[in-house]
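The values are calculated or read from the model by the stated rules, or taken from the named source; none is laboratory data. In this text the structure is predicted, and so the values were computed from the model without any measurement. Counting neighbours? That spans all protein chains shown, and the Cβs are built from the backbone with ideal geometry, glycine included. Surface areas here come from the heavy atoms of the whole protein model, side chains and all, with no ligands, DNA or RNA. Shrake-Rupley method; radii C 1.70, N 1.55, O 1.52, S 1.80 Å.
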Amino acid sequence: MAMVAEAIGLALPYSCGAPAPYEIRDALCAKAGEQVMALLKVQLRPRDICTRKAFENAAMTVAATGGSTNAALHLPAMAHEAGINFDLFDVGEIFRKTPYIGDLKPGGKYVAKDLFEAGGIPLVMKALLDGGYLHGDAMTVTGRTVAENLKNVKFNENQDVVRKTSNPITVTGGVVSLKGNLAPDGAIVKVAGLKNLRFVGPARVFDNEEECFDCVEKRQYKEGDVLVIRYEGPKGGPGMREMLSTTAALYGQGMGDKVALITDGRFSGATRGFCIGHVGPEAAVGGPIAHIKDGDIITLDATTGEISVNVSEEEFKSRAASWKPRATEYGSGAIWKYAQLVGPARYGALTTPGADKETHCYADI
């Protein structure tokens, strides 16, 4: 996600990739302060930079490095706050078209420090621009376009952290969006490092992460199961927690690639295996995931973009008729208030309508 800040044009080149102890960060911080004052003088504002092209550039950079599924949450949220219609499916389409060229963990060999030593985030962006992917005319915080920022960047041939787009690790990005009768509003899966892109198995359903973790800890599941964790979405959580402890436990048991896991919650960048998040509509609003039962056969296919269950539309309607919203433990306070306001993950789990509803620009003084 640090790459997003540079690729979208809101951060100075090289500033987001420098490791914390590196002395260059002092100079980059000082330069950032100077640039803020320069931008105020010319009235170049964040929304002048955060255009549709900028969000597409950010999504491309994430996809090219096998980046986090959280990009499919954060980018739509930022876009809608900027008044731009850019949802999970838009992100997914860019992921599908973008080659995976950054050999970074957890799916690859290298870490962020290695990338910085090889040429930093501008190296990734240069490879994408030369390959005809990035929008070079997008404006950035430097006051220059992406292409102008990268004009003097030369591709480093003496490294293998980042490849050229003509020689990708895979021809599509490291993250894939899915859709089907189990997730009409979409879902997301990281495929970087995955050997098997298709999984079919019976559902094991849990109404929170703790129930699933307890099952995994006691090894009360079988190879081939699809573990379903629901009521962990934006409203249901509330807050859309990361399901990291369960996936870590599965890998610790050597079962990371022998079961699949789907949730209306989310995963962290460290998650490995066939783990699908952001399933929408979420269970808390009566989405299809709320009506799955143990034993239902779920099909997951990251090649075709399918996430489906062998339940007919009539059966779904029958199950929905007896469904009741699940009571939350949070009946007051800020978390309760959040749950009343938050929208679907497809659009970034916003608590506001977004800038397209604004009639007044708060930056105008």
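Tabulated results
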quantity: The stretch 109-151, residues that are among the basic types (Lys, Arg), closer than 22 Å to Cys50 by Cβ and touching a residue at least 12 places away in the same chain (Cβ under 8 Å); calculated: Lys126
quantity: So Met240, is it within 18 Å of Ala203 (Cα to Cα) and in contact (Cβ under 8 Å) with a residue 24 or more places away in the chain; calculated: no
quantity: Sole exception among (1) modelled with pLDDT under 90; (2) touching a Pro at 6+ places or on another chain (Cβ under 9 Å) for Gly254, by number; calculated: (2)
quantity: Set Leu73, Leu129: member being at pLDDT below 95 and part of a helix (DSSP H, G or I); calculated: Leu73
quantity: Residue list for the stretch 164-178, restricted to those being β-branched (Val, Ile, Thr) and open to solvent by less than 40 Å² (accessible area, probe 1.4 Å); calculated: Thr165, Val175, Val176
quantity: Hey, Met255 among the aliphatic types (A, V, I, L, M), in a loop (DSSP other than H, G, I, E, B) and open to solvent by less than 20 Å² (accessible area, probe 1.4 Å) or not; calculated: no
quantity: Test: Gly107 is surrounded by fewer than 24 Cβ atoms within 10 Å (Cβ to Cβ), assigned to a loop (DSSP other than H, G, I, E, B) and on the phi > 0 side of the Ramachandran plot; calculated: no
quantity: Residue, most open to solvent (accessible area, probe 1.4 Å), within the stretch 29-41, restricted to residues that are at pLDDT 95 or above and among the aliphatic types (A, V, I, L, M); calculated: Met37
quantity: Matching residues, the stretch 142-188, being touching a Phe, Trp or Tyr at 6+ places or on another chain (Cβ under 7 Å), of a type outside the set (Gly, Ala, Ser) and not in a loop (DSSP other than H, G, I, E, B); calculated: Thr170, Val175, Val176
quantity: Contacts under 7 angstrom Cβ, first residue in the stretch 83-107 being without any contact (Cβ under 8 Å) to a residue 24 or more places away in the chain, partner open to solvent by 40 Å² or more (accessible area, probe 1.4 Å), 6 or more apart; calculated: Lys105/Val111
quantity: Evaluation of Thr140 against (1) closer than 14 Å to Pro13 by Cα; (2) open to solvent by less than 40 Å² (accessible area, probe 1.4 Å); (3) touching a Ser or Thr at 6+ places or on another chain (Cβ under 9 Å) (one fails), failing number; calculated: (3)
quantity: Residue within the stretch 151-163 that is crowded, with 23+ Cβ neighbours inside 10 Å, closer than 30 Å to Pro281 by Cβ and in contact with a helix residue (DSSP H, G or I) (Cβ under 8 Å, 6 or more places away or on another chain) present; calculated: no
quantity: From the options Gly333, Gly348, Gly287, Gly354, residue that is open to solvent by less than 80 Å² (accessible area, probe 1.4 Å), free of Cβ contacts under 8 Å to residues at least 12 places away in the same chain and farther than 19 Å from Leu197 by Cα; calculated: Gly333
quantity: Asn196 vs. criteria surrounded by fewer than 23 Cβ atoms within 10 Å (Cβ to Cβ), over 21 Å from the mean Cα position of the chain (by Cα) and assigned to a loop (DSSP other than H, G, I, E, B); calculated: no
quantity: Count - residues of the stretch 110-128 that are within 20 Å of Asn57 (Cβ to Cβ) and open to solvent by 40 Å² or more (accessible area, probe 1.4 Å); calculated: 1
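So that you can scan it fast, the table gives a plain yes or no per residue for (1) more than 25 Å from Met243 (Cα to Cα); (2) modelled with pLDDT of 95 or more; (3) open to solvent by 40 Å² or more (accessible area, probe 1.4 Å):
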site	(1), (2), (3)
Ala7	yes, yes, no
Ala20	yes, no, yes
Lys53	yes, yes, yes
Val62	no, no, no
Gly67	no, no, no
